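What follows is one structure encoded as structure tokens, with my remarks underneath.
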Amino acid sequence: MEVIKETAEMQALAAELIKEGKSIGFVPTMGYLHEGHLSLLQQARQQNDKVILSIFVNPLQFGPDEDLDAYPRDEQRDLTIAEENGVDIVFLPVEETMYPHPLSLKLSVVNRADVLCGRSRPGHFDGVVTILAKLFNLCRPDRVYFGMKDAQQVAVVDALIEDFNFPVELKSVSTVREKDGLAKSSRNVNLSALEREEAPFIQQALQKGRMLAEEGENDIDVIVKETMKFIESKTHGKIDYVELLSYPELEPVDKIDRQVILAAAVQFQHARLIDNVVFDETGAISKG
């Protein structure tokens, strides 16, 4: 396994792999790898000749009220996990490498960003697409892998690839969960013991909302309110949002007559958890 820290070296190696006719699977992360990341790596390993994993805590994704320094990091652990899971190349730049000077250009997400997490995190997805545009140009992947836990991010990446004609295939991978249904996340380590017991109720609430649709309920307000009521009755967390939107367009709907997403964000004392379920007009869960 190679560990590369410089952009020029990463770009040159990617060019050499392409010259050799090797397909590249790319998994961009902010590190502190967990089983959700491993499922992405597993698919990338199965579908490509070479797997590149990037680890970079991107400051552009953090707002002024979000603690960049508090984001969990463990570089040596991540490198060990990467090697054990068949990663060929780890791209491990530092901030000065990725942003050696203030950016002269800015990417701005105009659709799919002002709902769900994007509403309370202005500029977050601008930071996401900016770093991904750089990483796509450096690593030159054939396929890029993202987990559906952050379904809004998947929708935004889908738009980035389509709008800017990146020759990259987006692969969305189902959320990896604990046995009790809690979505795997680097932020779970920040939950108290009580919060950890309560956290799985978020997914249960979303499933309750989906089942209402499956049973024929087509009133969006009813589904959203019942989902919120369940979360409020089962947890001490503060609901940031519960929304039901078309997917991947992330636009408001009057009724469920297409694929939709029911998503929630709940703020606990030291961790903000997000989760979702994507389903069609019959209530059937999307496999994407």
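Against the definition (crowded, with 22+ Cβ neighbours inside 10 Å, charged (D, E, K, R), in contact (Cβ under 8 Å) with a residue 12 or more places away in the chain and not in a strand (DSSP E or B)), how does residue 126 come out, yes or no?
Details: crowded, with 22+ Cβ neighbours inside 10 Å: no; charged (D, E, K, R): yes; in contact (Cβ under 8 Å) with a residue 12 or more places away in the chain: yes; not in a strand (DSSP E or B): yes.
Against the criterion (crowded, with 22+ Cβ neighbours inside 10 Å, charged (D, E, K, R), in contact (Cβ under 8 Å) with a residue 12 or more places away in the chain and not in a strand (DSSP E or B)), residue 126 does not qualify.
It is to be established whether one or more residues within the stretch 269-282 are of a type in the set (Ser, Thr, Tyr) and surrounded by 17 or more Cβ atoms within 10 Å (Cβ to Cβ). Walk me through it before giving the result.
Let us first name the residues in the stretch 269-282 that are of a type in the set (Ser, Thr, Tyr), namely 282.
Filter again for surrounded by 17 or more Cβ atoms within 10 Å (Cβ to Cβ), leaving none.
No.
List pairs: first residue in the stretch 193-218 and farther than 21 Å from residue 286 by Cβ, second residue assigned to a helix (DSSP H, G or I) anywhere in the structure, Cβ distance under 6 angstrom, at least six positions apart or on different chains.
As it stands, the answer is 201/234, since those pairs meet every condition given.
Would you confirm whether or not the stretch 111-119 contains a residue that is more than 19 Å from residue 273 (Cβ to Cβ) and surrounded by 18 or more Cβ atoms within 10 Å (Cβ to Cβ)? Before the answer, list the steps.
Keep residues of the stretch 111-119 that are more than 19 Å from residue 273 (Cβ to Cβ), which gives 111-114.
Imposing the further condition that a residue be surrounded by 18 or more Cβ atoms within 10 Å (Cβ to Cβ) reduces the set to 112-113.
Yes.
When you look at residue 8, is it in contact with a Gly (Cβ under 6 Å, 6 or more places away or on another chain), part of a helix (DSSP H, G or I) and closer than 24 Å to residue 160 by Cβ, yes or no? Don't jump to the end; show me each part of the working.
Numbers: in contact with a Gly (Cβ under 6 Å, 6 or more places away or on another chain): no; part of a helix (DSSP H, G or I): yes; closer than 24 Å to residue 160 by Cβ: yes.
So residue 8 does not fit the description; no.
Out of (1) surrounded by 17 or more Cβ atoms within 10 Å (Cβ to Cβ); (2) in contact (Cβ under 8 Å) with a residue 60 or more places away in the chain; (3) within 25 Å of residue 272 (Cβ to Cβ), what's the single condition that is false for residue 82?
Failing condition for residue 82: (3).
Which numbered condition in (1) outside any helix (DSSP H, G or I); (2) touching a residue at least 24 places away in the same chain (Cβ under 8 Å); (3) within 25 Å of residue 155 (Cα to Cα) is the only one that residue 110 fails?
Of everything listed in (1) outside any helix (DSSP H, G or I); (2) touching a residue at least 24 places away in the same chain (Cβ under 8 Å); (3) within 25 Å of residue 155 (Cα to Cα), residue 110 misses just condition (2).
If I go through the stretch 76-106 residue by residue, how many of them are in a loop (DSSP other than H, G, I, E, B), in contact with a strand residue (DSSP E or B) (Cβ under 7 Å, 6 or more places away or on another chain), of a type outside the set (D, E, K, R) and on the phi < 0 side of the Ramachandran plot? Write out each step before concluding.
Within the stretch 76-106, the first condition is being in a loop (DSSP other than H, G, I, E, B), and the residues that meet it are 85-88, 92-94, 99-106.
Filter once more, so that each one left must be in contact with a strand residue (DSSP E or B) (Cβ under 7 Å, 6 or more places away or on another chain): 86-88, 92.
Subset that is of a type outside the set (D, E, K, R): 86-87, 92.
Restricting the remaining residues to those that are on the phi < 0 side of the Ramachandran plot gives 87, 92.
Matching residues across the stretch 76-106 total 2.
Which residue out of 143, 210 is of a type outside the set (Val, Ile, Thr), surrounded by 16 or more Cβ atoms within 10 Å (Cβ to Cβ) and in the same structural domain as residue 48 (by TED's automatic domain parsing)? Can you show your working first?
Numbers: 210 fails: in the same structural domain as residue 48 (by TED's automatic domain parsing).
The conditions single out 143.
Given the structure, is residue 128 under 20 Å from residue 241 (Cβ atoms), modelled with pLDDT of 95 or more and assigned by TED's automatic domain parsing to the domain that holds residue 8?
Numbers: under 20 Å from residue 241 (Cβ atoms): yes; modelled with pLDDT of 95 or more: yes; assigned by TED's automatic domain parsing to the domain that holds residue 8: yes.
The answer is yes for residue 128.
Do we have any residue at all in the stretch 235-254 that's out of contact with any strand residue (DSSP E or B) (no Cβ under 7 Å at 6 or more places or on another chain) and closer than 21 Å to residue 198 by Cβ? Walk me through it before giving the result.
Within the stretch 235-254, the subset out of contact with any strand residue (DSSP E or B) (no Cβ under 7 Å at 6 or more places or on another chain) is 236, 248-250, 254.
This time we only want the ones that are closer than 21 Å to residue 198 by Cβ, so: 236.
Within the stretch 235-254, one or more residues are out of contact with any strand residue (DSSP E or B) (no Cβ under 7 Å at 6 or more places or on another chain) and closer than 21 Å to residue 198 by Cβ.
Can you tell me which residue in the stretch 27-75 is nearest to the chain's Cα centre (by Cα), limited to those that are in a helix (DSSP H, G or I) and aliphatic (A, V, I, L, M)?
Restricting attention to the stretch 27-75, the residues satisfying the condition of being in a helix (DSSP H, G or I) are 35-47, 59-61, 68-70, 75.
Within this subset, residues satisfying the condition of being aliphatic (A, V, I, L, M) are 38, 40-41, 44, 60, 68, 70.
On the way: 38: 14, 40: 11, 41: 14, 44: 16, 60: 15, 68: 17, 70: 19 Å.
This residue is 40.
Which of the residues spanning the stretch 133-170 are over 22 Å from residue 20 (Cβ atoms), in contact (Cβ under 8 Å) with a residue 40 or more places away in the chain and in a strand (DSSP E or B)?
146, 147, listed by residue number.
What about residue 225, is it within 20 Å of residue 213 (Cα to Cα) and free of Cβ contacts under 8 Å to residues at least 60 places away in the same chain? Break it down into steps so the answer makes sense when it comes.
Numbers: within 20 Å of residue 213 (Cα to Cα): yes; free of Cβ contacts under 8 Å to residues at least 60 places away in the same chain: yes.
Against the criterion (within 20 Å of residue 213 (Cα to Cα) and free of Cβ contacts under 8 Å to residues at least 60 places away in the same chain), residue 225 qualifies.
Looking at (1) outside any loop (DSSP other than H, G, I, E, B); (2) touching a strand residue (DSSP E or B) at 6+ places or on another chain (Cβ under 9 Å); (3) modelled with pLDDT of 95 or more, which is the only condition residue 188 fails?
(3)
Is the stretch 108-118 home to any residue that is basic (Lys, Arg) and either modelled with pLDDT under 95 or more than 23 Å from residue 285 (Cα to Cα) (or both)?
To start, the set of residues in the stretch 108-118 that are basic (Lys, Arg) comprises 112.
Those still in the list that are either modelled with pLDDT under 95 or more than 23 Å from residue 285 (Cα to Cα) (or both) too: none.
Taking every residue of the stretch 108-118 in turn, none turns out to be basic (Lys, Arg) and either modelled with pLDDT under 95 or more than 23 Å from residue 285 (Cα to Cα) (or both).
The values are calculated or read from the model by the stated rules, or taken from the named source; none is laboratory data. Keep in mind that what you see is a predicted model, and the values were worked out from it rather than measured. Backbone-built Cβ (ideal geometry, glycine too); neighbour counts: all protein chains shown.
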